[in-house]
Amino acid sequence: MNREWPAAARELELGLRDALDDLGAVNLARAAEADPTIREKQLKPALEAQGVLELDPFGDEDEAAAAVLAARALGAVMAPWPIAATLAAQRLDADALYVVDGAVRHLEHANLATSAIAVGFDGAGARICVSGDNASARLDPFGTPVTLGDPAQVDASAVKMRLVLDAFYASGAMNTATSLAARYALDRRQFGKSIGQFGEIRWRLADMTVANDGLGELAAFTWYLLRSGTATTADVLALRVGMLETIDTVLKNGHQIFGAIGLCEEHDLVVIDRHITSLRVRPAGATRTAELLLEAINKVGFDAIYPVPARR
């Protein structure tokens, strides 16, 4: 596994970040809550100008790397666009792919797609999603009512890619959350010095950094396995478990560092927390994802540092 990203992919990520910063960065997500049409009026043209919506995560190395780094760039500002769903569907007869677990009533940004597909973790039981009117909630600002219609065919690799892209999006968001907390720890002063000099704050920042770095490494490694054709369902579910644990660690510690400021004004960490909630609960939360991982390991094994053979 080459841990260095292709130069072309890094260049696209940097250019995309500049474009998203020009749109307001995290403030774009805030604005889209109040006016969801901003997604298509402002964000979509910017993504099209960068060629992001045409990236094929199953293409050559440069294009595939650019796809996952683009997802990371959008996650860094919680850009309100279903980038993982869009890119995972590039080789399907659809324009968005959603992974679900059982019955589903709402999906985020589903009203931006014209031919979305919902499919289980194992790639079975795919159905076309038909979106209703936007029905946002505070912790699901872009949730859209959906119904499941006719059967549709989905390759298992597309499902795995969707989960990998989710992890890169989350990695970008947690990078930003960690940076925000570190910057606040330097700026906030108590007892004549920045709170970043207190051991309690340092430990929290260390936990956030280690968790976030771990997610980035695991996402890159799972992407490598998927590119090489060896990724199993257990691999991508393990990535999702790691992603959920990282989000939990980063947000809990981040809020502790910001402390009571969140009671007085909404800082960007609050926006990140609110907007990433849908990714934490869909298609399955931490407990259910761990159950699915155990089932997958029993079925196909898990070739980690200490390989676990299949049990049935």
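The values are calculated or read from the model by the stated rules, or taken from the named source; none is laboratory data. Given the structure is predicted, the values throughout are model-derived calculations rather than measurements. Here the Cβ positions follow ideal geometry from the backbone for every residue, glycine too, while neighbour counts run over all protein chains shown.
Laid out as a table, the results:
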| quantity | calculated |
| --- | --- |
| Residue that is nearest to the chain's Cα centre (by Cα), among those in segment 159-201 that are among the aliphatic types (A, V, I, L, M) and farther than 17 Å from LEU74 by Cα | VAL159 |
| Residues of segment 146-176 classified as more than 17 Å from PRO80 (Cα to Cα) and not polar (S, T, N, Q), total | 15 |
| GLU200 at pLDDT 90 or above and part of a helix (DSSP H, G or I) | no |
| Which numbered condition PRO57 misses (of (1) touching a Leu at 6+ places or on another chain (Cβ under 8 Å); (2) surrounded by fewer than 23 Cβ atoms within 10 Å (Cβ to Cβ); (3) not hydrophobic (A, V, I, L, M, F, W, C)) | (2) |
| Test: ALA64 is surrounded by 15 or more Cβ atoms within 10 Å (Cβ to Cβ), more than 25 Å from ASP140 (Cβ to Cβ), of a type in the set (A, V, I, L, M) and outside the structural domain of LEU139 (by TED's automatic domain parsing) | yes |
| Residue count, segment 288-312 (criterion: assigned to a loop (DSSP other than H, G, I, E, B), more than 18 Å from PHE221 (Cα to Cα) and either touching a residue at least 60 places away in the same chain (Cβ under 8 Å) or of a type outside the set (A, V, I, L, M) (or both)) | 3 |
| Number of positions in segment 271-303 that are of a type in the set (Val, Ile, Thr) and touching a strand residue (DSSP E or B) at 6+ places or on another chain (Cβ under 7 Å) | 2 |
| Residue within segment 147-161 that is under 18 Å from HIS275 (Cα atoms) and in contact (Cβ under 8 Å) with a residue 60 or more places away in the chain present | no |
| Segment 177-187, residues that are without any contact (Cβ under 8 Å) to a residue 60 or more places away in the chain and either in contact with a strand residue (DSSP E or B) (Cβ under 8 Å, 6 or more places away or on another chain) or not assigned by TED's automatic domain parsing to the domain that holds ALA238 (or both) | LEU186, ASP187 |
| Members of segment 239-259 that are under 18 Å from LEU165 (Cβ atoms) and crowded, with 19+ Cβ neighbours inside 10 Å | LEU239, ARG240, GLY242, MET243, LEU244, THR246, ILE247 |
| Count of segment 199-246 residues which are of a type in the set (A, V, I, L, M) and without any contact (Cβ under 8 Å) to a residue 12 or more places away in the chain | 3 |
